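As structure tokens, the structure follows; a few thoughts come after it.
The values are calculated or read from the model by the stated rules, or taken from the named source; none is laboratory data. This is a predicted model, so every value here is computed, not measured. Positions of Cβ are backbone-derived with ideal geometry, glycine not excepted, and every protein chain shown enters the neighbour counts. What goes into the accessible areas is simple: the full protein's heavy atoms, side chains included, and nothing from ligands, DNA or RNA. Shrake-Rupley method; radii C 1.70, N 1.55, O 1.52, S 1.80 Å.
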Amino acid sequence: MNAGREIIAVASIKTQIQDLRQLLQRASYAYYVLDQPIMEDAVYDQFYRQLQDLEAEHPNLVTTDSPTQRVGEQPATQFSSVQHQVPLYSLENAFNLAEMQAWQDRWQRYWTSNHDHSLPEQTWDYVCELKIDGSAIALTYENGLLARGVTRGDGMRGEEITQNIRTIRSIPLRLNWDQPPPIVEVRGEALLPLAAFHRINQEREQAGEQLFANPRNAAAGTLRQLDARIVAQRQLDFFAYTLYVLSEPRDGQLGLFSSDLTASQQPTSQSDCLEQLQQIGFRVNPNRQRCPDLEQVQAYYDRWSTERKTLPYMTDGVVVKLNPLLLQAELGFTQKFPRWAIAWKYEPEQAVTEVLNISVNVGRTGALTPVAELRPVELAGTTVARATLHNRDRLAELDIHIGDKVAIHKAGEIIPEVLQVFAELRPADAQQFEMPSHCPECAQPVVQPANEAVTRCVNPVCPAIVRGGIIHWVSRDALDIDGVGEKLVRQWVDQQLVQSVADLYQLTIEQLASLDRMGQKSASKIVAAIAHSKQRPWSRVLYGLGIRHVGSVNAQLLSEYFTSVDRLIEASPAAIAAVHGIGPEIAQSVYEWLQTTSHQDLVEKLRAIGLQLVGEGKSAPTSTALAGKVFVLTGTLPTLKRDQAKQLVQRAGGKVTNSVSKKTDFVIVGAEAGSKLETAQTLGIPCLSEPEFLALLQQLEVP
């Protein structure tokens, strides 16, 4: 994992996150709206998990438009948009037993945190079902008759495709249910069997039409056909997997359970649901199994990871659900997933190829990363030509040579990695690779610090380090210089217009206007944006300096206790480490950076330019109106930024924490609020909108 994180350091973290978001959004649009996928699901999953990991490590970079912050993408506009009576959430993914164990630990901790005792083991078990590779739909039956069929859409709203749904023969138009409940909702997967998929593609090929990429894409495209006769011809199938017996609307709300039903009508477990679905006329996948523990779940997973190849339809994993419905209801949902279910995906595929060469990249911190240049090979639906080798230690472990046959995989990494070297197939003229003794960017000697696997260039004017440092400086959470990105920075460094972040502030409109694809107007905007960045606070400047191990949160902590750069320069490693949240490793890194002569020279240049190197420290309370009160913020507020709301609470003597508990007094709720809102509602904690929060401050006469 440490080696994987070092790869992430090769480029600007913010740039990687933005690139991943754009890629995932483009892929979702191509898949869900255009029905023209640009990547396989396994590759999307790996990119998605990479984005999740990056955002988990850098929560300050999470934005509301990130693909991780919503269940799915917007529905196509050809059909009417319908709100789901019960949100149709997607599932969290796991890829190994350790992640399954972590999921089990999470839901058990959540249950325990809301009860006075642990859950007895005999009160729960799991139901395992094959994860059908199709398209999720929700069916509503009113008084036993099919009333509506809706796609997943974004999880809250989907596309009404009732006419197309009616063509699927495995979906009953009338439930086989004497005196059915007024409202029943059935969830399931519409799929295209492999035989039908191959037949359709043969017909499309003969007609000169574009082929469907896979059965899932074909099923989704079929459901969006405007002509129901075409849907009928393609012979979709359906497996049901969820049954909701809903109460009639009261005050505009639907309940998940109806008190009017008899015990025989009201299912109490997922296994009961599946049996009842079969009784009332639905096709239910026969390859399901109740499992008392994760050991049995793994046995089921291992069996079907092999036997799935014999099935007449595609399956890409196993869905594991807690069996008792009351336990499901108590656990509820996070912002994106049900807590009581998870999809254990099959292992990502591997590919064998040849190493044509080995190159070395230099990152912002000076880290040298070896990269295998490969004979292009298809892996999980994409063409792979490069794979990371991480560092010197990994090179030695693999004993890799140029010319070797290697196995590569994409185990959740955005950059494929070399998994195995087949030394027995090594050609006689294979060349052993050694890490360079000099930086490939600046030709200066490199070093390998003690206790590190990474080889580094320590030349502060190395073009790669300069580029990376400036890209970091202009990023949103640092100086946030609008209009300046990686391409411009690379051009400026290559043409020696800038050699440090201080040089940015010497750029003129005339210099920029003379560059390719840069007019007078654009140059003026960039120079103005650079000048405006002088107003950024001391904490942002400290983060922008790019000191190793100092993220935006650590920079904020340090700026509160060391209210000027001079105080921080004068501090000893022990004094820096004494700041709550700052450990010895971070403290030593900060101390060594600030004691370097070239860095001190840079600080003086920034001071002369007018950058903010002095802060206000912690804001002292101006009122005691909220003394002793604990607040939690969740969601996006309409006018206040989160930091502004936090300052208002603190100035009134209150405290802001990150998690909701019984000690929380108020939760301030904005748009797209997540699990914190659910927890607050469960615990009965008062929830305030932004206007209600501001009205409270006004009522208490908080200045």
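Among the cysteines of the chain, Cys128, Cys273, Cys291, Cys687 have no other cysteine beta carbon within less than 4.7 Å of their own. Taking the longest Cα principal axis of the chain as reference, the axis of helix 41-57 is set at about 50 degrees.
Label positions at Ala102 and Asp516, each projected 7 Å from the Cα along the C-beta direction, are separated by 4.4 nm.
On the beta carbon distance between Leu226 and Glu452, with R0 = 56 Å, the FRET formula returns roughly 0.40. Taking the accessible area of the chain, probe 1.4 Å, and keeping the other protein chains in place, the carbon and sulfur fraction comes to 48%. In loop segments of region 128-204 as defined by DSSP, there are no GluC sites (Glu not before Pro) with at most 16 further C-beta atoms inside 10 Å of their C-beta.
Beyond 21 Å, how much of the Cα-Cα pair distribution for region 541-679 remains, as a whole percent?
Numbers: 5147 of 9591 pairs.
Beyond 21 Å sits 54 percent of the P(r) for region 541-679.
Computed from point charges on the beta carbon alone (+1 for Lys and Arg, -1 for Asp and Glu), the dipole magnitude for the chain about its Cα centre is near 1220 Debye. For Gln278 and Glu672, the FRET efficiency from 1/(1 + (r/R0)^6), where r spans their Cβ atoms and R0 equals 35 Å, is about 0.40. The distance linking region 546-583 with region 313-349 is 42 Å (Cα centroid to Cα centroid, whole angstrom).
Computed over the alpha carbons of region 385-452, Rg followed by Dmax gives 13.8, 37 Å. Against the main long axis of the alpha-carbon atoms of the chain, helix 552-561 sits at an angle near 50°.
For the chain, place one equal point scatterer on every Cα, skip the solvent, and apply the Debye formula. What is log10 of I(q)/I(0) at q = 0.10 Å⁻¹? Per q value, in the given order, log10 I(q)/I(0) is -1.19.
Principal axis extents of the C-alpha atoms in region 331-395 (largest first, rounded to whole Å): 51, 32, 19.
Here the average projected area of the convex hull drawn through the C-alpha atoms of region 473-559 stands at 5.5 nm².
Note on Gln179 and Thr657: their simple-model spin labels are 5.0 nm apart, each label 7 Å out from Cα toward Cβ.
Backbone geometry of region 111-117 corresponds, through the Karplus equation with coefficients 6.51, -1.76 and 1.60 at θ = phi - 60°, to 3J(HN,Hα) couplings of 5, 5, 5, 10, 9, 8, 8 Hz, x marking Gly and Pro. For region 492-619, list log₁₀ I(q)/I(0) at each q in 0.19 Å⁻¹, using the Debye formula over Cα point scatterers of equal strength and ignoring solvent, two decimals each. Log10 I(q)/I(0), no solvent term: -1.02.
List the lysines whose Cα lies under 25 Å from the Cα of Lys321, skipping any in the same chain that are fewer than 8 positions away. Here the lysines satisfying the reach criterion relative to Lys321 are Lys131, Lys309, Lys336, Lys345, Lys676. Overall shape of region 136-241 was characterised from the C-alpha gyration tensor. The equivalent ellipsoid obtained from it has semi-axes of 28, 14, 11 Å, in decreasing order.
Hey, what angle do you get for helix 294-307 against the long axis of the chain, alpha-carbon based, 0 to 90 degrees rounded to 10? It is inclined by approximately 80 degrees.
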